[in-house]
Amino acid sequence: MPKVKTKAGAKKRFKLTGSGKIKRKHAFKSHILTKKETKQKRNLTKMGLVHKSDEANVKDMLNI
C-alpha cells in the first residue's frame, strides 16, 4: 500500500506546539488594513490555536 501524503497547504499553515496542540495564524490581516483598528491588527498578528472540533480534520491533513 502506498504512503499517505501530507497536504502541502496544511503543512505550510499549521505547526505543532510542544504539548501537541496545533497553532494557526489569524485571517483578515492581508489587505484593507486602513479601516481596521490598530488594536485589531496587533491581535491578528498573534498565533492562535485550532479549535478542538477542527483538530481531527487538521490532524488528518497533516497525517499525525
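Considering only residues in the range 26-63 that are assigned to a loop (DSSP other than H, G, I, E, B) and among the β-branched types (Val, Ile, Thr), the one that is most open to solvent (accessible area, probe 1.4 Å) turns out to be Thr34. For Ile22, are the conditions met, namely being out of contact with any Lys or Arg (no Cβ under 6 Å at 6 or more places or on another chain) and modelled with pLDDT under 95? No; evaluated as a whole, the condition is false for this residue.
Part of a strand (DSSP E or B) and in contact (Cβ under 8 Å) with a residue 24 or more places away in the chain, is that true of Lys23? For Lys23, the condition - part of a strand (DSSP E or B) and in contact (Cβ under 8 Å) with a residue 24 or more places away in the chain - is met. Considered as a group, the residues in the range 1-20 that are open to solvent by less than 100 Å² (accessible area, probe 1.4 Å) and assigned to a helix (DSSP H, G or I) include one that is farthest from Asn63 (Cα to Cα), and that residue is Gly9.
The values are calculated or read from the model by the stated rules, or taken from the named source; none is laboratory data. Computed from a predicted structure; not experimentally measured. Neighbour counts are summed over all protein chains in view; Cβ atoms, including those assigned to glycine, are modelled from backbone coordinates with ideal geometry. Ligands, DNA and RNA are stripped out before the accessible areas are found, and what is left, the full protein with its side chains, is counted by its heavy atoms. Shrake-Rupley method; radii C 1.70, N 1.55, O 1.52, S 1.80 Å.
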